[in-house]
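**Q** This is the structure I want to talk about, given as structure tokens.
The values are calculated or read from the model by the stated rules, or taken from the named source; none is laboratory data. Note that the structure is predicted; figures quoted are calculated from it, not measured. When we count neighbours, we look across all protein chains shown, and the Cβ atoms used for this are built from the backbone with ideal geometry, even at glycine.
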Amino acid sequence: MPTTPATKLISPALLLALLALSVAVAQDPGGSHVAAADLGAAADAPAPQAVPLGAVLARLDRAMNPELGADPPAAEALTHLRAQGLALTGKVDLTAPLTEGEAVRLAGAAGVRLRTDQPDNLLSPARVAALVDLLHDALTGGGRP
């Protein structure tokens, strides 16, 4: 299938790692295929520790720019990522914990549609890592350096 600017192809393995419950492919009214997924976590999973949004953005920035060598400051990472296509608008609280709701917002800013029924749930470290991979692939077209 040819890739158009409105089409994002996301590795099913990344979605499964991020979501652990269900993955579906939908078609939006404009006709482009999008990844749609449920971010719900297993009920018996231990409560994850809060990961600041800024730390996630810094990790993503380093993944997209390996020459950085280390995670940049969160505000700098946000500036870099916006320049690289992350359409995250409005005020961004870099110290806020990453919740499923914020993960949906981040994915949307990268052109990937996700959904959650529990927007206030924190993401586990494994799901944060999968989200960073998902965002990286969405912003780079799936390529790895």
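**Q** Hey, among Pro119, Pro66, Pro97, which residue is touching a strand residue (DSSP E or B) at 6+ places or on another chain (Cβ under 9 Å), farther than 14 Å from Gly54 by Cβ and not charged (D, E, K, R)?
**A** Pro119
**Q** Which members of the range 105-138 meet the condition of being farther than 22 Å from His80 by Cβ and out of contact with any helix residue (DSSP H, G or I) (no Cβ under 9 Å at 6 or more places or on another chain)?
**A** Ser124, Pro125
**Q** Right, another one. Does Asp133 satisfy the criteria of being over 15 Å from Pro52 (Cβ atoms) and either assigned to a helix (DSSP H, G or I) or modelled with pLDDT of 95 or more (or both)?
**A** Yes, satisfied.
**Q** Further question on the same structure: What are the residue pairs meeting all of these: first residue in the range 82-93, first residue in contact (Cβ under 8 Å) with a residue 12 or more places away in the chain, second residue of a type in the set (Gly, Ala, Ser) and in a loop (DSSP other than H, G, I, E, B), Cβ atoms under 9 Å, and 6 or more apart or on different chains?
**A** Close Cβ pairs (under 9 Å, with a partner that is of a type in the set (Gly, Ala, Ser) and in a loop (DSSP other than H, G, I, E, B)) amount to Gly85/Ala110; Gly85/Gly111; Leu86/Ala110; Ala87/Ala110; Ala87/Gly111; Leu88/Ala110.
**Q** Are there helices (runs of 4 or more DSSP H) fully within the range 1-110 with at least 1 residues that are surrounded by fewer than 14 Cβ atoms within 10 Å (Cβ to Cβ) and at pLDDT below 50? List them.
**A** 12-19
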